[in-house]
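Report on one structure; see the data block that follows.
The values are calculated or read from the model by the stated rules, or taken from the named source; none is laboratory data. Being a predicted model, the structure only gives us computed values, none of them experimental. Here Cβ is always computed from backbone atoms with ideal geometry, including for glycine, and neighbour counts include all displayed protein chains.
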Amino acid sequence: MAEPAGANDPVRVRVPAKINLRLSVGAPRADGFHPLDTVYQAISLYDEITIRPADRLRLTLDGVGADTLPTDGGNLAVRAATLLADRLGVPPNVAIHLHKRIPLAGGLAGGSADAAAVLVGCDALWGGGHDPAALAVLAADLGSDVPFLVIGGTARGTGRGELVEPVPAAGPWHWVVAAADGGLSTPRVYGQLDLLRAAGAAPPAALASERDAAASYGDAVGSARDGIAAEATGHTPSPVPDRLLAALRSDDPADLAAALANDLQPASIALRPALRRTLDAGLAAGALAAMVSGSGPSCLCLAADAADAARIAAELTERGVCSAAHVAVGPVAGATVLA
Ligand code: ATP
């Protein structure tokens with residue numbers, strides 16, 4: 001937990017992007033949210049937030065897509081400051097500056113990251129004394145991914161993703177994040193998945209995340225697969241497979257590559273068919289695995305090591321299959337106050 005800052009000192013916070021190592025999506029609940037069973041990882045692609053005392057709540061931005069984002073209550077950073085101030089019974093009088101590097105609406109939870117950073121930074125500035133677990137509870141009111149970005153590392157997310165439990169993980173793993181021009185709306189991607197499932201064009205909930213595993217492991221998992229298919233009729237998300245948990249403890253990235261899965265990928269590709277080219281180019285460049293990140297359109301490549309990641313990023317850029325390619329490692333810490 002961070003120490004309270006001096007009365008007029010600015011607080012600087014660094015906050016990572018999130019990726020989903022596996023994302024199993026169930027059928028929509030009565031409240032409209034889809035139940036999830038996911039494994040998050042925080043990666044070293046960061047937004048930086050500076051917070052200083054001011055006469056009123058103000059937000060300024062620079063960096064990636066900054067000119068397209070709201071600076072009022074439509075911005076999650078402003079909502080986070082207001083929520084914490086209410087909770088602490090203090091006026092939300094801070095000037096927040098966001099330096100955006102995380103691609104917007106890219107399936108990397110950049111907005112949620114900024115909200116997590118503001119919670120952590122304002123708590124330090126106002127001497128709130130919340131530990132990360134307490135801030136994560138508060139964070140759930142702001143969005144499903146916000147609690148994880150307070151905690152960071154590698155963690156399982158259930159509920160609508162807001163119930164977060166750290167998972168033991170080795171690493172570091174080397175990722176390439178291939179950003180796309182223009183975002184994809186997260187609700188639209190979930191809606192597309194529902195449509196594909198209704199049309200029988202995407203596997204049902206539990207079966208989908210295990211499909212690749214079953215294909216790789218063949219008959220050895222035949223009986224497990226039958227069990228999964230039966231469970232799938234209930235449209236609940238499938239629990240995290242032991243194979244992924246074991247891969248996270250292993251130091252062989254090929255194990256993790258074989259365990260990656262994302263139920264939203266067919267929906268993102270249906271809405272943005274060009275993503276298939278990005279994924280194919282990543283595999284052709286030597287990635288151990290290539291997958292859409294969350295709801296997309298960013299794509300992830302898992303590389304064998306740092307040198308491979310740099311090479312894959314250069315190749316994706318050269319082939320023009322992404323708007324930018326970032327190398328990153330994971331897991332890293334969640335929102336952190338910088339000294
Ligand atoms: P998720 O997977 O959590 O939906 P995402 O990476 O697809 O996230 P974000 O970058 O978090 O998408 O942004 C989604 C939308 O949230 C944006 O289109 C924007 O209108 C809104 N938003 C509000 N505050 C922010 C912020 N600080 N940074 C980015 N987007 C924000």
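Considering only residues in region 242-273 that are part of a loop (DSSP other than H, G, I, E, B) and in contact (Cβ under 8 Å) with a residue 40 or more places away in the chain, the one that is farthest from Phe33 (Cα to Cα) turns out to be Asp251.
Could you grab me the full set of residues in region 48-90 that are in contact (Cβ under 8 Å) with a residue 24 or more places away in the chain, within 14 Å of the ligand (Cβ to nearest atom) and of a type in the set (Asp, Glu)? Scanning region 48-90 gives Glu48, Asp62.
None of Asp62, Asp37, Asp114 is more than 22 Å from Gly157 (Cβ to Cβ) and either touching a Lys or Arg at 6+ places or on another chain (Cβ under 9 Å) or modelled with pLDDT of 95 or more (or both) except Asp62. Exactly one residue out of Val176, Val164 is more than 15 Å from the ligand (Cβ to nearest atom) and either outside any helix (DSSP H, G or I) or surrounded by fewer than 24 Cβ atoms within 10 Å (Cβ to Cβ) (or both): that is Val176. Is it the case that some residue within region 83-93 is modelled with pLDDT of 95 or more and under 23 Å from the mean Cα position of the chain (by Cα)? Yes; the residues of region 83-93 include at least one that is modelled with pLDDT of 95 or more and under 23 Å from the mean Cα position of the chain (by Cα). Evaluate the following for Ala42: is it among the aliphatic types (A, V, I, L, M), touching a residue at least 40 places away in the same chain (Cβ under 8 Å) and under 30 Å from Asp242 (Cβ atoms)? So Ala42 fits the description; yes.
For region 82-115, residues that are in contact with a strand residue (DSSP E or B) (Cβ under 7 Å, 6 or more places away or on another chain) and either farther than 30 Å from Met291 by Cβ or of a type in the set (Phe, Trp, Tyr) (or both) total 5.
The residue list Leu119, Leu98 contains one member that is at pLDDT 95 or above, buried (at least 24 other Cβ atoms within 10 Å of the Cβ) and within 11 Å of the ligand (Cβ to nearest atom), which is Leu98. Which members of region 187-207 meet the condition of being assigned to a helix (DSSP H, G or I) and farther than 19 Å from Ala274 by Cβ? Scanning region 187-207 gives Pro187, Tyr190, Gly191, Asp194, Leu195, Arg197, Ala198, Ala205, Ala206, Leu207.
With respect to Pro16, is the statement that it is touching a helix residue (DSSP H, G or I) at 6+ places or on another chain (Cβ under 7 Å) and within 16 Å of the ligand (Cβ to nearest atom) true? It is true that Pro16 is touching a helix residue (DSSP H, G or I) at 6+ places or on another chain (Cβ under 7 Å) and within 16 Å of the ligand (Cβ to nearest atom). Asp114 satisfies every condition listed in (1) of a type outside the set (A, V, I, L, M); (2) surrounded by fewer than 21 Cβ atoms within 10 Å (Cβ to Cβ); (3) outside any strand (DSSP E or B); (4) within 19 Å of the chain's Cα centre (by Cα) except (2). Which residues, taken from region 309-331, are touching a residue at least 12 places away in the same chain (Cβ under 8 Å) and more than 23 Å from the chain's Cα centre (by Cα)? Arg311, Glu315, Arg319 - these are the residues of region 309-331 that are touching a residue at least 12 places away in the same chain (Cβ under 8 Å) and more than 23 Å from the chain's Cα centre (by Cα).
Taken over region 64-104, the criterion of being farther than 15 Å from Arg52 by Cα and in a strand (DSSP E or B) is satisfied by Lys100 alone.
Considering region 122-151, and only residues there that are within 26 Å of Asp62 (Cβ to Cβ) and in a loop (DSSP other than H, G, I, E, B), the residue that is farthest from the ligand (Cβ to nearest atom) turns out to be Trp126.
Taking Gly107 as the residue in question, decide whether it is within 10 Å of the ligand (Cβ to nearest atom), part of a loop (DSSP other than H, G, I, E, B), at positive phi and not aromatic (Phe, Trp, Tyr). Criteria met by Gly107.
Among the residues of region 283-339, those that are hydroxyl-bearing (Ser, Thr, Tyr), within 16 Å of the ligand (Cβ to nearest atom) and closer than 20 Å to Gln41 by Cβ comprise Ser293, Ser295, Ser298.
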